[in-house]
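Asker: Handing you a structure now.
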Amino acid sequence: MANLRRKGGLGKNPQRAEARAAQRAEARAAQRAEIDPDWNCPWPLDWQRHYKVLADLVDADGHLPDIQPGVLFDGDDLGKWLARMQESSTWAQLSEEQQQRLTTLGIKPLEAPSPAPGAPRTAKGPTKAQQAFQRGLAALTQWIEREGQRPVPRKAVVTLPDGTETKLGIWYSNTKARRDRLDDDQLAALAALGIDWA
C-alpha cells in the first residue's frame, strides 16, 4: 500500500502516458477507492487510523463514548490523541475536511481558557516568543503524529499546514535546555504530548 500511495505508484502518469496505461492507473485507483475512499488520504496515516477507530465506535454505539487519556487501542493511546485534537492550537492546524470529520463524530475544539487577569500584553496579542513557542509546539505535535515518540533529531525540519518550515530539532533542544523559563501552560502543553522532561 505504501508503494501504491507513492506518486506514480498506480502506474503511468495519466497526463503523459499512453491511453491504455492511463486507463489502467485510473482503474486501479477506482478499485481501491471502492474498497476504501480514504486509501490515499492527504493527511498523516496515523491521524486516519485514530479517526477510523473513533468512527467505528460511533457506528457501533450511535455516539462517541467518553474516552479519557490512557485508553489504549492496539497500543495507541486514543484518549490522548482525542484530547490533543480538541486543543484549539491543534484544531486550527487541521484541514477543513479533518475538522468536518471530527465534528461529524461529535468532537469539537475545547474553548481556550480566558487569560488570567493582569496577564501581560493581552491587548496586543501574544509576544514573538509566545508565537515561536506555538509554532514549535505545532511542529512537535505534527512530528509525534507522524513519527510517534521517536526522539527529535537536531536537524529535523517540519513543514506546517500553512507552508511554514520550522526547524523542529533546534527548537526542541533549545526549549529543553531552557525549560526552567517556560510557564506552566507551556510545560503542560508539552507534557500533554508525552514529553517526559516537561
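Asker: Give, rounded to the nearest 20 debye, the magnitude of the charge dipole that segment 23-182 has about its Cα centre when Lys and Arg contribute +1 at Cβ and Asp and Glu contribute -1 at Cβ.
Answerer: Roughly 1260 debye for segment 23-182.
Asker: Under a point spin-label approximation (7 Å from Cα along Cα-to-Cβ), what is the ARG154-ASP36 distance to one decimal in nm?
Answerer: According to this spin-label approximation, the distance is 3.9 nm.
Asker: In a shell of Cβ-Cβ distance under 13 Å around SER88, excluding SER88 itself, what net charge do Lys and Arg (+1) and Asp and Glu (-1) give? Mind dumping the intermediate values first?
Answerer: Details: positive: ARG84, LYS108; negative: GLU87, GLU111, ASP185.
My count for the surroundings of SER88 gives -1.
Asker: Which of ALA139, PRO151, ALA192 sits farthest toward the positive end of the charge dipole of segment 128-192, with +1 on the Cβ of Lys and Arg and -1 on the Cβ of Asp and Glu?
Answerer: Final value for the positive-end residue is PRO151.
Asker: While we're here: May I ask you to list the residues of segment 70-104 whose amide nitrogen lies under 16 Å from a point 7 Å from Cα along the Cα→beta-carbon direction of ALA198?
Answerer: Counting backbone N atoms under 16 Å from the label point, the list is 70, 80-93.
Asker: Quickly rank 139-147, 51-59 as a protection proxy: mean count of other C-beta atoms within 10 Å, highest first.
Answerer: Averaged packing, sorted descending, gives the order 139-147, 51-59.
Asker: Please state the charge dipole magnitude for segment 128-192, taken about the Cα centre, from unit charges on C-beta atoms (+1 on K and R, -1 on D and E), reported in debye and rounded to the nearest 20.
Answerer: On the way: 11 positive and 8 negative charges, 76 e Å.
In debye, rounded to 20, segment 128-192 gives about 360.
Asker: Taking amide H atoms as placed 1.01 Å from N in the peptide plane, list the residues 5 or more away in sequence, or in a different chain, whose amide H sits under 5 Å from that of PHE73.
Answerer: Residues meeting the criterion, in which the H sits 1.01 Å from N, are LEU78.
Asker: Before anything else, pin down the relative contact order of segment 128-192: Cα pairs under 8 Å, at least 6 apart, normalised by residue count, whole percent.
Answerer: 27
Asker: Also: If r is the Cβ-Cβ distance from GLN68 to LYS108 and R0 is 25 Å, what FRET efficiency results, to the nearest 0.05? The partial results should precede the final answer.
Answerer: Values: r = 17 Å, r/R0 = 0.68.
E(calc), rounded to 0.05, equals 0.90.
Quick note: the coordinates plus some simple rules give every number you see, no bench work behind them. All values reported here derive from a predicted model rather than from experimental measurement. Virtual Cβ from ideal backbone geometry, glycine too; neighbours counted across all protein chains shown.
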